[in-house]
C-alpha cells in the first residue's frame, strides 16, 4: 500500500496540474474508444455484407480482451479464458462477455468509480499485481486447508478401523451432499477438491505413522532411561507379531507409548524375537544401555534361563536392569485354577453353548425361542480361552438364559438337559458366575494407562484379603458377597450348606494360587515404598 501511494503521488506530481492530467487521460480514453468504435463499425459492415450471402446460422460471437482495457480498471476474470469476462479491479465485479467493449467498460468506470478518473494506468497495474498476490495467498491457504482436511479424515478412518475405500465411496459423497444443501455450490467446489481415494488415505496413514514413530524415537533418544513391555501374539491372518510398548520420563511426567509391531517369520523362538527387536533398535539408533526394565509373560521363549529373550536383552541393557512377569498374566493364571467338580460344571456349559452356537439351525431356533419368550438377550456367548474376560461373560449370559436353554435342550432331547433341572448344579453355576465376575473386575482394574506396581500389587493384596474374609463368612453361613448365588439359593429354598465345602475349597485354592504367583519375598515394593511418600 505504501508503494502504491508513492506511485500515485509521483504520478500526480510529474503530471503538472490536475487539469492537464485530466485532459490527457480523457484524450487517451477517447482515442481508445474511437479506435475500437471504428474497428467495430467496420467489422459490423463486413459481417452485414457476408450475412446476406450466408443464410446459415452463424456461431455465437465471443469478444476478446485487450490490454488497453486496463486503463478502465478491467482485467480478464480468472478461469474464463474460453469466454473471457471483464473483471473490475476496483469493485471486483464481473461483467458478461457482451460487456467486453470500451463503451460499456467506460460507462461502468465513469458511473461507479468517477473518483479514479485521474489515475494513470500504472495505478491499475499495481491494483492488478496486488490482486494476483492476494489470489495466490488465498490459493496457498486453501491448499493447506484441503490437505489438512484429508489428513484429519484419514486419521478418523484409521482410529475407527474402517477400510481405505470408505473415504471416496461414503464420506466424500456425504460431505458433498450436505454442503450442497447447507452451504451452496461455491463451497461445495472446495469439498470436491479434498483427495480421499483409497491410495491417498493409505499414503496419509503411512506418513502419519512414520511421523509419530519418528517423534517417539526422538523422545527415547532424549531420555536417560526407559523400560519396555514385550509380548508375542498373532493377528487375524495368523501372522506372528512381536508387540513392544515403552515407558519413559519426559520432563515432569511419565509417558507410555506403543513403539512397534514386528513380523516374526517362521518360528517364534527367543532368537527370532530378539533378532527382530535388536534390528529395530539398530535401525532407529536406540541405545540398549538406556533400557532399565522389561516386562513379559511367562513363556519359555521370553523367560528362558539360558536363551530366553530377557536373558539376551539383559546382556546389552543397563547394569541395573530388572525383568518382571506381567501381573495381569499372573492374575489370569490364578483364575484358571478350580476343583474337578467346578471344572465339570464349566465344561458342560461350554459343551451346551457349542452345541447351540456351532450349528446354524440350532442358533436360529434358539434365537427365535428367546424372542418368543421376550428374553433380555437373544443368543449365547462363545467361550475363547485366549480372551481373559470371556469365561465370566459367557457364564453370566448362560445363567441369564438358563430357562430358555433348558426348554431348548429338552425339546431336542439333549443328554445334558437334566443338569439345568438340578438345583445344586445350577447353584454351583451361580457361584461360578459370581466368582468369575469378581475376577473380571480385578482384571479390568489392572488394565489401562499409567498403572504402576504399587497400585497393582495393592489391588492384588486387597483381593487376597477379600478371599480370606469370604472364607470366614462362609463358616457363618453368610453368602451375601456372592449376589447371584445368594439370590438363587433364597429363591429356590436350597440348603446351601451342602455346597459350602466346595466353595471354601475353591476360595482356599485361589488364596494359595495368589500366594504362589505373588510371593511376598518377590514383592518389588519392598525397599521402595518411600516413592509413594518421600517425606514420610
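The values are calculated or read from the model by the stated rules, or taken from the named source; none is laboratory data. These numbers come from a predicted model, not from an experiment. Cβ sites come from the backbone with ideal geometry, for glycine too, and all protein chains shown count toward neighbours.
Might you check whether a residue that is in contact with a strand residue (DSSP E or B) (Cβ under 8 Å, 6 or more places away or on another chain), surrounded by 12 or more Cβ atoms within 10 Å (Cβ to Cβ) and at pLDDT 85 or above occurs anywhere in region 87-99? Scanning region 87-99, I find at least one residue that is in contact with a strand residue (DSSP E or B) (Cβ under 8 Å, 6 or more places away or on another chain), surrounded by 12 or more Cβ atoms within 10 Å (Cβ to Cβ) and at pLDDT 85 or above, so the answer is yes.
Every residue, every condition in (1) closer than 19 Å to residue 311 by Cα; (2) out of contact with any helix residue (DSSP H, G or I) (no Cβ under 8 Å at 6 or more places or on another chain); (3) in contact (Cβ under 8 Å) with a residue 40 or more places away in the chain, yes or no:
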{"residue": "209", "(1), (2), (3)": "no, yes, no"}
{"residue": "213", "(1), (2), (3)": "no, yes, yes"}
{"residue": "233", "(1), (2), (3)": "no, yes, no"}
{"residue": "240", "(1), (2), (3)": "no, yes, no"}
{"residue": "285", "(1), (2), (3)": "no, no, yes"}
{"residue": "288", "(1), (2), (3)": "yes, no, no"}
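For residue 294, the conditions (1) in a strand (DSSP E or B); (2) over 25 Å from residue 452 (Cα atoms) are fulfilled apart from (2). When region 248-273 is limited to residues that are assigned to a loop (DSSP other than H, G, I, E, B) and in contact with a strand residue (DSSP E or B) (Cβ under 9 Å, 6 or more places away or on another chain), the one that is surrounded by the fewest Cβ atoms within 10 Å (Cβ to Cβ) turns out to be 266.
State yes or no: is residue 276 in a loop (DSSP other than H, G, I, E, B), touching a residue at least 12 places away in the same chain (Cβ under 8 Å) and either surrounded by fewer than 17 Cβ atoms within 10 Å (Cβ to Cβ) or not assigned by TED's automatic domain parsing to the domain that holds residue 522 (or both)? No, not satisfied. When residues in region 394-421 are screened for being modelled with pLDDT under 90 and either closer than 30 Å to residue 330 by Cα or touching a strand residue (DSSP E or B) at 6+ places or on another chain (Cβ under 8 Å) (or both), 0 of them pass.
Yes or no, residue by residue, for (1) surrounded by 15 or more Cβ atoms within 10 Å (Cβ to Cβ); (2) not in a loop (DSSP other than H, G, I, E, B):
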{"position": "455", "(1), (2)": "no, yes"}
{"position": "462", "(1), (2)": "no, yes"}
{"position": "465", "(1), (2)": "no, yes"}
{"position": "481", "(1), (2)": "yes, no"}
{"position": "501", "(1), (2)": "no, yes"}
{"position": "507", "(1), (2)": "yes, yes"}
{"position": "515", "(1), (2)": "no, yes"}
{"position": "527", "(1), (2)": "no, no"}
{"position": "536", "(1), (2)": "no, no"}
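Scanning region 158-168 for residues that are over 17 Å from residue 211 (Cβ atoms) and either touching a helix residue (DSSP H, G or I) at 6+ places or on another chain (Cβ under 7 Å) or exposed (fewer than 13 other Cβ atoms within 10 Å of the Cβ) (or both) gives 160, 161, 163, 164, 165, 166, 167, 168.
For residue 184, state whether it is at pLDDT 90 or above, out of contact with any strand residue (DSSP E or B) (no Cβ under 9 Å at 6 or more places or on another chain) and more than 30 Å from residue 106 (Cβ to Cβ). Against the criterion (at pLDDT 90 or above, out of contact with any strand residue (DSSP E or B) (no Cβ under 9 Å at 6 or more places or on another chain) and more than 30 Å from residue 106 (Cβ to Cβ)), residue 184 does not qualify. Considering 227, 156, the condition of being on the phi < 0 side of the Ramachandran plot and not assigned by TED's automatic domain parsing to the domain that holds residue 311 is satisfied by 156 alone.
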